[in-house]
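To keep things clear, I will list the structure first and then write my remarks on it.
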Amino acid sequence: MTRKETINTKIKTCGTPLQYTIGVLEKIPPILGDTCKLVKELTRPVKRLYVRVNTARISVEQYLELLDKHGIRFYRDEEIPEAVWTEVHGPFEVPIYRGRVIADKKASESVLLGSDLYAPGVIGASHFRKGQKVTVVSENGVIVGAGTAMMDPGEMMSSTKGLAVRIEHPRYKSYRVRDLPGYQEGYIYGQSISSMYVGHIVDPEPGQTIIDLTAAPGGKISHIAQKASPDTRIIAVDRPSKKQKLIETLRRLGIEDRVEVLGLDSRRITSKNPSLNGTADIVLVDPPCTNLGVRPKVYDLKRERDVRNMVLYQRGFIREAYKLLKPGGILVYSTCTLTTSENTGNVTWAETVGFELIEPPRGLRRPIYAGDTLWFNPLDGIPGFFIALLRKQ
């Protein structure tokens, strides 16, 4: 191993619980600013909680009136018509109790924002009884909240369902999307403002065929479906294990009849469904990635090999998108990560397959324009994100 390779494999934390090798941090483009400031920002929630109003069921005006009746104040977004938001407050001090509950990464990040802790997210519990106050920490010791234990330690560790801790003192406070008025009725969908730009940019036209190759949990494809006319053909594809949950989301939103759902490996869709070859006007690919733009994070560890493995995996979706598209059709490629390898690197590789990078809509207020690609910067208080539009030649 060369000296440079040795340096690139060293872990850098920037004074946070997050661990990235120097080689990974070097792949974050300079346009996003100071890397350590960015890493620190990833440990904090976004400044605004966003939901997307499902205009297939209710208008934005009607939904804001519904919230007002419940004494809840949300505001219209400045650019995305279907988006409404409220502030995220904090950080707050969290009481330290003798009783401790250790939560997994996903549950810890939810508790950080005020969600209750449920038994499946508990991986450790000690020094308390049911009804006593406890402090909730992540696996690496980050304090995320405190509240009342609703189970004894043994029950928390053995249960597969049920409320474990009712959180009364989170580090940050915001609304839980599922608890907002109209959620069960399908009036809203919890989605980051950054990812809403995919549906905003894809302005579906009558008669088009649109395929989402990585559709679960359903945010982007349901956004497009609520905007599309009845004769737009919309196909959502994801692994069989995700199919039912995707269908349930579309059903809650009242748009299940507008979307065909296929449960299969998207990288093999053309071999399983050859009739789709060359039929799509638009294909969406938002593949699994290193998730560097997702926030808040209580911990994370990424090495260069993680980036390399993801890049190879992502290219399988791009190849399949090329087969599905008509000549002149558009691939909308997006990720929730910040490495050039997974973003502009894959764009350059896609051009060798037969795509050409095309100009995105100009004048959008949030993204940073880097040539003809769009970057969303966590230092602006939003999730990190990337979008590129590629035309099949």
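Read the figures in this text as sums done on the coordinates, not as results from a lab. Small disclaimer: the values here were computed from a predicted structure and weren't measured. Backbone-built Cβ (ideal geometry, glycine too); neighbour counts: all protein chains shown.
Some points to look at:
- Quotient of C-alpha Rg and 2.2 N^0.38 Å, computed over the chain: 1.02
- Normalising the average separation of contacting C-alpha pairs (under 8 angstrom, six or more residues apart) by the number of residues puts the relative contact order of the chain at 17 percent.
- Shown here for the stretch 68-133: GluC sites (Glu not before Pro) in loop regions (DSSP other than H, G, I, E, B) with at most 13 other Cβ atoms within 10 Å, namely E78, E93.
- With both labels modelled 7 Å from their Cα along Cα-to-Cβ, the I22 to E61 distance reads 5.9 nm.
- Lys pairs under 17 Å by Cα in the stretch 1-88, provided they are eight or more residues apart or on distinct chains: 9
- Residue with peak Gaussian network fluctuation, the chain [Cα springs, cutoff 10 Å], from G218, G186, G99: G99
- The packing ranking of peptides 251-264, 278-291, highest mean first, is 278-291, 251-264, where packing means the average number of other beta carbon atoms within 10 angstrom of each residue.
- Between the stretch 333-393 and the stretch 135-160, the alpha-carbon center distance in angstrom: 40 Å
- Chain lengthening between L163 and S275 when straightened (0.36 nm per residue, less Cα-Cα): 35.6 nm
- Among the trypsin sites (Lys or Arg not before Pro) found in the stretch 145-186, those both in a DSSP coil and sparsely packed, with 13 or fewer other Cβ atoms within 10 Å of their Cβ, are K161.
- The label-point distance for R73 and E205, in a model that sets each label 7 Å from Cα toward Cβ, rounds to 4.4 nm.
- Cleavage-rule hits, GluC sites (Glu not before Pro), the stretch 147-193, DSSP coil, Cβ neighbours within 10 Å at most 15: E185
- Mean-square fluctuations from a GNM of the chain, with a 10 angstrom spring cutoff on Cα atoms, peak among S158, S341, S115 at S158.
- Taking packing as the residue-averaged number of other Cβ atoms within 10 angstrom, the listed peptides 141-151, 223-233, 125-135 run from highest to lowest as 141-151, 223-233, 125-135.
- Under 13 Å from the Cα of K161 - aspartates and glutamates, other chains or at least 8 residues apart: D116
- Residues I123 and H89, FRET efficiency given R0 of 22 Å [Cβ-Cβ distance, rounded to 0.05]: 0.20
- Lys pairs, the stretch 194-392 - Cα-Cα below 16 angstrom, 8 or more residues apart or on other chains: 6
- Antiparallel %, DSSP beta bridges [both residues in the chain], to 5: 65 percent
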